[in-house]
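The values are calculated or read from the model by the stated rules, or taken from the named source; none is laboratory data. Here the structure is a predicted model, which is why all the values come from computation and not from measurement. Please note: Cβ atoms are built from the backbone with ideal geometry, for glycine as well, and neighbour counts cover all protein chains shown.
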Amino acid sequence: MRAAGKIVAETLALLKSRIGPGITTAELNRLAEKECQRQGAKPAFKGYGGFPYAICSSPNECVVHGFANDTPLQEGDILSIDFGVLYKGFYGDSAITVAVGELDDETQRLVTATRESLERAIAKAVPNGRLSDVSYAVQSWVEPKGFSVVREFVGHGIGRNLHEAPQIPNYGQAGQGPRLKTGMTLAIEPMINAGVPGVKILEDGWTAVTEDGKRSAHFEHTVAITDNGPEILTRV
Ligand code: MG
Ligand code: MG
């Protein structure tokens, strides 16, 4: 899983380095495919439930599961890229939200709060912790800042399958749910909206967008719980 996670991290870093005004998500998707091929990994999402691309590319009001297309990104946009691979029988899964040029203050605040909420959630992925401590860490960080937590999509266990038990909501009371143990591997992924928490699915059957058209941010890491605390497997 360390090896799979490293490929995911390196690929996302490569995509991030290319993001700027004018690039399209179709180009980013091709880059991700090429990088998978070079590393001998299989893109985890392509073909999963019929999803057609290696990356989920979700700009601005898109929450998750956006399709790559030929629309150039513009100054001031944000783009969430969710990417996973299967490598030697194991999965890695990670997501980043990247600024296209300069962001307005509200968008920057949303992206920062979402990234911080993931860090705080990861800090709760420790032996003998409780699963809902991870959930609570996200909700209790973003809601006081005026943002909202998406309910329809959640984090998950990960390993020999992309999605394994348990589900990891980004909301809930602390101190509940299963005890966390050394050796568990979790994909923790806050999806945070600037406005209302609700989402709707577009006609393509996949793309989730915010109900109110306001922006949404998403960060994710695959994390191993170790005796020494959380180990982030998808960080270069
Ligand atoms: Mg993901
Ligand atoms: Mg995931």
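Considering only residues that are within 11 Å of ligand 1 (Cβ to nearest atom) and either among the aliphatic types (A, V, I, L, M) or assigned to a loop (DSSP other than H, G, I, E, B) (or both), which ones fall in segment 35-56?
A44, F45, I55
Could you say which residue among A137, A123 is among the small types (G, A, S), touching a helix residue (DSSP H, G or I) at 6+ places or on another chain (Cβ under 8 Å) and surrounded by fewer than 20 Cβ atoms within 10 Å (Cβ to Cβ)?
A123
Can you tell me which residues in segment 177-195 are closer than 26 Å to L79 by Cα and either at pLDDT below 95 or outside any strand (DSSP E or B) (or both)?
Within segment 177-195, E189, P190, A194, G195 meet the criteria.
So is A174 buried (at least 20 other Cβ atoms within 10 Å of the Cβ) and either part of a loop (DSSP other than H, G, I, E, B) or within 14 Å of ligand 1 (Cβ to nearest atom) (or both) or not?
So A174 does not fit the description; no.
Is it true that some residue in segment 62-74 is β-branched (V, I, T) and farther than 18 Å from H218 by Cα?
Within segment 62-74, one or more residues are β-branched (V, I, T) and farther than 18 Å from H218 by Cα.
Picking from D105, D82, D93, which residue would you name as being free of Cβ contacts under 8 Å to residues at least 24 places away in the same chain and of a type in the set (D, E)?
Unique residue meeting the criteria: D105.
Checking the condition free of Cβ contacts under 8 Å to residues at least 12 places away in the same chain, surrounded by fewer than 20 Cβ atoms within 10 Å (Cβ to Cβ) and over 20 Å from G84 (Cβ atoms), which residue from K200, K145, K181 passes?
K200
Out of all the residues in segment 57-66, which are in a loop (DSSP other than H, G, I, E, B) and either closer than 8 Å to T25 by Cα or among the aliphatic types (A, V, I, L, M) (or both)?
Of everything in segment 57-66, nothing turns out to be in a loop (DSSP other than H, G, I, E, B) and either closer than 8 Å to T25 by Cα or among the aliphatic types (A, V, I, L, M) (or both).
Which members of segment 157-168 meet the condition of being surrounded by fewer than 21 Cβ atoms within 10 Å (Cβ to Cβ) and under 17 Å from E220 (Cβ atoms)?
G157, G159, N161, L162, H163, E164, P166, Q167
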